[in-house]
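See structure below.
The values are calculated or read from the model by the stated rules, or taken from the named source; none is laboratory data. Predicted, not measured: the structure shown is a model, and the values here were computed from it. Quick reminder, even Gly has a Cβ in these numbers, built from the backbone with ideal geometry, and neighbours come from all protein chains shown.
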Amino acid sequence: MTHPILPRLRGHLIVSCQALPGSPLRDSTIIAALAQCAERGGAGGVRIDGPDDIAAVRRVVAIPVIGLYKMRESSPVYITPTFEAARAVAAAGADIVAVQATRERAATPHPLPQLIARIHQDCRVAVMADVSTLDEGTAAEAAGADLVATTMAGYTPHSRQLPGPDLELIRELAAQGKTIFYCSHILDVVERVCLRVIIIDRGKIVADAPVSELKQSTKQGSLEDVFKKLTDSTEVNEIAKSFSAVVAGSQ
């Protein structure tokens with residue numbers, strides 16, 4: 001049975017609003033403001049780290065909140081490693097709890113199937129499994145995860161170490177009948193990996209169709225050209241030119 005929160009995310013962008021300790025952005029008020037900006041820009045959900053930030057964000061946005069709790073001292077399983085961490089995330093207001101679902105978890109006192117089952121039963125929220133390989137994604141689905149994300153790809157020693165996102169892993173998961181949400185502003189990569197594309201312009205969906213159909217209907221040769229045609233890029237280009245002029249003038 002599909003969790004009732006999931007349809008609210010379908011076809012929408014999920015924005016991660018997080019800041020590491022020591023960052024100028026490391027303040028719950030700032031994180032909440034970033035989440036508000038994401039919501040106003042059309043995001044369907046936000047991904048937030050830590051109970052304090054989750055609570056601050058929950059107070060100011062209406063879109064679904066994906067919460068996690070990074071506990072670095074629990075390495076190599078540091079994303080919501082325990083049920084207590086998951087319960088704190090849910091209690092802070094998260095609609096979905098993200099947990100690390102890499103193979104390292106098997107060696108902890110909190111195996112994935114039991115953790116997911118307890119979160120479902122006691123916290124009454126959906127669970128996102130952060131994986132790094134195809135077998136982990138398959139195991140996470142079997143364990144009862146409501147969503148699977150390739151968040152940990154490249155961050156585990158046994159996953160492919162790539163300079164960018166593991167697009168092949170996305171293809172492999174999709175080939176198993178999984179629906180993969182891939183969000184990027186690098187449109188040539190989106191064109192190569194995605195079967196269907198949603199284009200959002202100023203918070204509104206202006207296109208939702210297969211890549212080939214979008215190119216055919218707009219008579220454009222690439223997804224980037226489709227994007228330019230369907231959105232008003234004039235303002236963006238003018239801002240970019242002004243910024244370049246300022247930078248050039250300061251040198």
> Which strands (runs of 3 or more DSSP E) sit wholly inside the range 1-112 and have at least 3 residues that are touching a residue at least 40 places away in the same chain (Cβ under 8 Å) and not assigned by TED's automatic domain parsing to the domain that holds Thr151?
Replying inline: none
> Restricting attention to the range 126-149, which residues are assigned to a loop (DSSP other than H, G, I, E, B), touching a strand residue (DSSP E or B) at 6+ places or on another chain (Cβ under 8 Å) and free of Cβ contacts under 8 Å to residues at least 60 places away in the same chain?
Replying inline: Val131, Gly144, Ala145
> Of all residues in the range 150-204, which are outside any loop (DSSP other than H, G, I, E, B), within 20 Å of Ala38 (Cβ to Cβ) and modelled with pLDDT under 80?
Replying inline: Ile200, Asp201, Lys204
>> The conditions are (1) surrounded by fewer than 22 Cβ atoms within 10 Å (Cβ to Cβ); (2) more than 28 Å from Val190 (Cα to Cα), and Ala19 fails exactly one of them. Which is it?
In response: (2)
> So which pairs qualify, if the first residue must be in the range 182-196 and under 16 Å from Gly11 (Cβ atoms) and surrounded by fewer than 17 Cβ atoms within 10 Å (Cβ to Cβ), the second must be small (Gly, Ala, Ser) and at pLDDT 75 or above, the Cβ gap must be under 7 Å, and the two must be at least 6 apart or on different chains?
Replying inline: Arg196/Ala209
>> Of the residues Gly93, Gly144, only one is under 30 Å from Arg40 (Cβ atoms), surrounded by fewer than 19 Cβ atoms within 10 Å (Cβ to Cβ) and among the small types (Gly, Ala, Ser); which?
In response: Gly93
> Mind checking which pairs have a first residue in the range 163-174 that is closer than 13 Å to Val131 by Cα and hydrophobic (A, V, I, L, M, F, W, C) and a second that is assigned to a helix (DSSP H, G or I) and at pLDDT below 85, Cβ under 7 Å, 6 or more apart or different chains?
Replying inline: Ile170/Val193
